[in-house]
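As structure tokens, the structure follows; a few thoughts come after it.
The values are calculated or read from the model by the stated rules, or taken from the named source; none is laboratory data. Because the structure is predicted, anything quoted here is derived from the model rather than measured. FYI the Cβ positions are ideal-geometry reconstructions off the backbone, even for glycines, and counts take in every protein chain you see.
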Amino acid sequence: MLLSLALRNIWRNKRRTLLTLSAMVVSLALLILALGIFSGMLQDMLASATEQYRGHLVISMPGYQQDREMFNGFVPPLGLLEHLESNPDVLGVSPRLRGFGLLSHGNNTYPAELLGIRPGHERQVTNLADHLIMGRYPAPDATNEALLGRGLAQKLGVAMGDELVFVTQAADGSIGNDLLTVAGIFATGDAAHDNSLVLVPLPWLQDVMVLEKHIHELALRIRHPREAQALAHRLAAELPGRLTAMTWGALMPELHEAIASFDASRLIVAVILYLATGLGILNTVYMSVMERTREFGVLMAIGMRHGQIRLMVLTETLLMGLLSLLIGCSLGKLMTLYMQRVGIDLSERLTPITYAGSTILPRLHAVNDAGNYLLPAVLLLIIAVLAGWLPARRAAKLQPADALREE
């Protein structure tokens, strides 16, 4: 009986109910869309920082990631690479050697960071191949091909097929130098990479630096980047010698803090948005209760208890919340899917922004994540019930005789 009475009471004033439902539906749908776009920005930030250069997990000697000391490398133990690749949570493993020196072309000389890689392995970990603007990715059997950033290429004044001279300090105290051929040019939007990073074949850099068979790190791409810390703990027990596993969060603490604050941020945004919606619900239910004072008196006179009156009014607000939830989530999902598949490209008006070691791209796209629906939905129901509590309390405190005399 209470349910049928609540359904009837909701539609006593259709215009007022529809306006309140519209506010609830719009606020829910827009919040779902906003959280989806925010998740997309965080996904881009994490991808730009880890999938363009660092990787999700990095295995190296203790202290290497802090000081980049040339001699703080290691010879990969036999079978380690294959063991890591066999882990179901690991999507790719890339051995790397890092060198710093001077690159020259003609009369132009600039400092650069050379990353010695195996092209086939590196493409499983990073996505620089997707950012090529000229040329091609180094071939698996390349001997001295180089892939460099657009900013560095412009400073050096090089084009495809040009030769570069690289000079660096070798491990035996000599001056290491050799020629490189430009195979491709990339542009990521991150000035730090575009202006100084060069990818070269690992054997070539090992010869130049006189570090035969040595590498500085193993970069890993994993299936669930947000769970990198748990995987690092499991791998720690399997790594031989003094090797340690560091997550992207440990390598980039500012980015880790920015992403970790997302849950708190979306809760704050949801509460602020729903405060206004809650006032609308409160107004609708309160006006409905005021109009039905004599009706409540009649119901109590024929035996309905105060608690039942309170429950009936709360049921009305809960039904409005559930109806808004159904429509709002459907509308929010449609908008999120549209932004996920199409998005909005702002590259003509905005430039990429570098923050906390990552790049915020000038585009808006959404991530269809279950958490972006759950939080707004639960908060909407809570706000609806809380907004209905005061009117329900007032209705339950009425005395039958006083309510019947109410004009």
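Considering only the range 115-122, I want to know if a residue exists there that is within 21 Å of residue 175 (Cα to Cα) and charged (D, E, K, R). Please lay out each step first, then the result.
First, the residues of the range 115-122 that are within 21 Å of residue 175 (Cα to Cα): 115-116.
If we keep only those that are charged (D, E, K, R) too, we end up with none.
No, because not a single residue in the range 115-122 is within 21 Å of residue 175 (Cα to Cα) and charged (D, E, K, R).
Of all the helices (runs of 4 or more DSSP H) wholly in the range 165-237, which have at least 3 residues that are closer than 19 Å to residue 255 by Cα? Step through it out loud before you land on a result.
Working: elements: 191-194, 202-208, 228-236.
Here the list reads 191-194, 228-236.
Is it the case that some residue within the range 294-306 is at pLDDT 75 or above, within 30 Å of residue 228 (Cβ to Cβ) and part of a loop (DSSP other than H, G, I, E, B)? No: zero hits.
Checked against the criterion of being closer than 12 Å to residue 217 by Cβ, surrounded by fewer than 18 Cβ atoms within 10 Å (Cβ to Cβ) and not assigned by TED's automatic domain parsing to the domain that holds residue 366, the candidates 68, 136 yield just one match: 68. Just a yes or no: is a residue in the range 195-213 at pLDDT below 90, of a type in the set (A, V, I, L, M) and either crowded, with 21+ Cβ neighbours inside 10 Å or more than 30 Å from residue 314 (Cα to Cα) (or both)? No, every residue in the range 195-213 fails to be at pLDDT below 90, of a type in the set (A, V, I, L, M) and either crowded, with 21+ Cβ neighbours inside 10 Å or more than 30 Å from residue 314 (Cα to Cα) (or both). Does residue 272 satisfy the criteria of being loosely packed, with under 13 Cβ neighbours inside 10 Å and either small (Gly, Ala, Ser) or at pLDDT below 75 (or both)? Taking the combined requirement at face value, the residue does not satisfy it. Kindly establish whether residue 282 is touching a helix residue (DSSP H, G or I) at 6+ places or on another chain (Cβ under 9 Å), modelled with pLDDT of 85 or more and surrounded by 13 or more Cβ atoms within 10 Å (Cβ to Cβ). No: the conditions fail for residue 282. Annotation: of all residues in the range 59-86 being without any contact (Cβ under 8 Å) to a residue 12 or more places away in the chain and among the polar types (S, T, N, Q), the one that is farthest from residue 231 (Cα to Cα) is 66. Taking the range 36-94 as the range and being within 26 Å of residue 368 (Cβ to Cβ), at pLDDT below 90 and among the hydrophobic types (A, V, I, L, M, F, W, C) as the test, the residues that pass are 37, 38, 41, 42, 45, 46, 47, 49.
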